Amino acid sequence: MTDLPAALSIIPPTHKLVGRVSPPGSKSITNRALLLAALANGTSRLSGALKSKDTVLMAAALCQMGVTVEEPDATSFVVTSSGRLTAPSEPLFLGNAGTATRFLAAAVATVDGTVIVDGDAEMRLRPIGPLVDALVSLGIDASSPTGCPPVTVRGKGHFGHGRVEIDAGLSSQYVSALLMAAPLGDGPIEVALAGKDIGARGYVDLTLAAMRSFGAEIEQIDTGSWLVQPSGYTACDLLIEPDASAATYLWGAEVLTGGKIDLGVAADAFTQPDAAAQAVIAQFPDMPAVIDGSQMQDAVPTLAVLAAFNNQPVRFVGIANLRVKETDRIRAVANELNRILPGLATEEGDELVVASDPSLAQRLAGRNSRIKIETYHDHRIAMSFALAGLRVPGIVILDPACTGKTYPGYWDMLAGLGVELVPTT
């Protein structure tokens, strides 16, 4: 669906959703690979990559800094670089792409010159202060007056050396940003957690694996610190696995309709942490009473929508970081579940309780009114609440185009499985 309307009505299918769907490439791995290829000397070929708003913004920013990025087909990038970024003539604009913004805020310290890393109005509300503080502790001239973008970095052509501590309680992306820039130091750099809290640790493992693919030399000292040698990076060819967060919508659609959707990849073949959601989804409609979302944060909206139809209430814990995503996802999920049925969800501190009602679809079957789901410009709210429309009549997704951030073909995928989507005003 190339020209998406302002709103889409979802007609609950009367059949099981059955078919073969290839999820798009992993956003997390694609943006890591794009940056590492840009920091590597030579030409890298990235296949199976995601082409979406977030990755296109990352590629465009790299091009502003002297990197050549070609797109020979719909799932490939060819990146050619000298191994060094050059100062752009204008600020880098990353929209609301958190990975790109945070990763580049550290990487541009290797530029010999001044770089401003900025985003849209939503990105300017997302915290980046802990990362800026860590950069300053390495002797890098970096500033962010509001603690959120824009970030101004006056680089010296390298990433310094020594030990840097990072408070990763808000996001593991801060750790990944430091780690990926560290091989361009002028000496070894030890990256250490300040405290035990970290967002989704599995994403740091993704970062380390990608770095090693490009030749980085990393030693894990203990569970909270890593020693990175100033090895630089070497260009390579990398096959990017499908996106596990995107897969959660397919697993959810499967269990909600009693269908069978072949993704072409087994759940245990994913290296991304959100793949852990499959084991929980497989228990539907008897998902556990307490779900810890700390290590599969992007899957929580999907799981919360499924919980609305579960046989018992579900409490989501370990999800405080969802308040600083593209929107406050705890509040957004609670608001929109309650729009479907008042009292269906409750915020309790930084936890979310979904009351659950296995007869929810039957209770709402006779209602003729539309339920307009506000998506808050957040792709994951749009995609997860579309799943509710597979059972509940009258679900209307506002701003469906926001799914282009990570899954441009999402609505085509649903239509291909036989879900009727009706443009709505």
Condition test on Thr302, is it closer than 23 Å to Glu374 by Cα, of a type in the set (Val, Ile, Thr) and not in a helix (DSSP H, G or I)?
no
Check the range 219-233 and report whether any residue there is in contact with a strand residue (DSSP E or B) (Cβ under 6 Å, 6 or more places away or on another chain) and in a loop (DSSP other than H, G, I, E, B).
yes
When the range 92-121 is examined, which residues are found to be out of contact with any Phe, Trp or Tyr (no Cβ under 9 Å at 6 or more places or on another chain) and surrounded by fewer than 17 Cβ atoms within 10 Å (Cβ to Cβ)?
Asp112, Gly113, Thr114, Ile116, Ala121
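Is the range 360-373 home to any residue that is surrounded by fewer than 22 Cβ atoms within 10 Å (Cβ to Cβ), assigned by TED's automatic domain parsing to the domain that holds Ile319 and in a strand (DSSP E or B)? Steps first, please.
Of the range 360-373, the ones surrounded by fewer than 22 Cβ atoms within 10 Å (Cβ to Cβ) are 360-372.
Filter again for assigned by TED's automatic domain parsing to the domain that holds Ile319, leaving 360-372.
In the following step, the residues that additionally are in a strand (DSSP E or B) were identified as 371-372.
Yes, there is a match, as at least one residue in the range 360-373 is surrounded by fewer than 22 Cβ atoms within 10 Å (Cβ to Cβ), assigned by TED's automatic domain parsing to the domain that holds Ile319 and in a strand (DSSP E or B).
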Residues being under 24 Å from the mean Cα position of the chain (by Cα) and without any contact (Cβ under 8 Å) to a residue 40 or more places away in the chain: count how many of those fall in the range 338-355.
4
Quickly run through the range 199-233 and pick out the residues that are farther than 20 Å from Asn31 by Cα and within 24 Å of the chain's Cα centre (by Cα).
Thr223, Gly224, Ser225, Trp226
Looking only at the range 181-188, decide whether some residue is surrounded by fewer than 16 Cβ atoms within 10 Å (Cβ to Cβ) and either modelled with pLDDT under 95 or farther than 24 Å from Ala382 by Cβ (or both).
yes
Confirm whether Ala275 is at pLDDT 95 or above and hydrophobic (A, V, I, L, M, F, W, C).
yes
When every residue in the range 170-205 that is in contact (Cβ under 8 Å) with a residue 40 or more places away in the chain and assigned to a loop (DSSP other than H, G, I, E, B) is compared, the one nearest to Phe270 (Cα to Cα) is Ala200
Quick one: Gly215 ticks every box in (1) at negative phi; (2) surrounded by fewer than 20 Cβ atoms within 10 Å (Cβ to Cβ); (3) at pLDDT 95 or above bar one, so which box is it?
(1)
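Each row is one residue, and each column tells you yes or no for (1) closer than 25 Å to Asn96 by Cα; (2) modelled with pLDDT under 95.
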| position | (1), (2) |
| --- | --- |
| Ala307 | no, no |
| Val317 | no, no |
| Leu344 | no, no |
| Glu348 | no, no |
| Ala355 | no, no |
| Arg370 | no, yes |
| Thr375 | yes, no |
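The values are calculated or read from the model by the stated rules, or taken from the named source; none is laboratory data. These numbers come from a predicted model, not from an experiment. Virtual Cβ from ideal backbone geometry, glycine too; neighbours counted across all protein chains shown.
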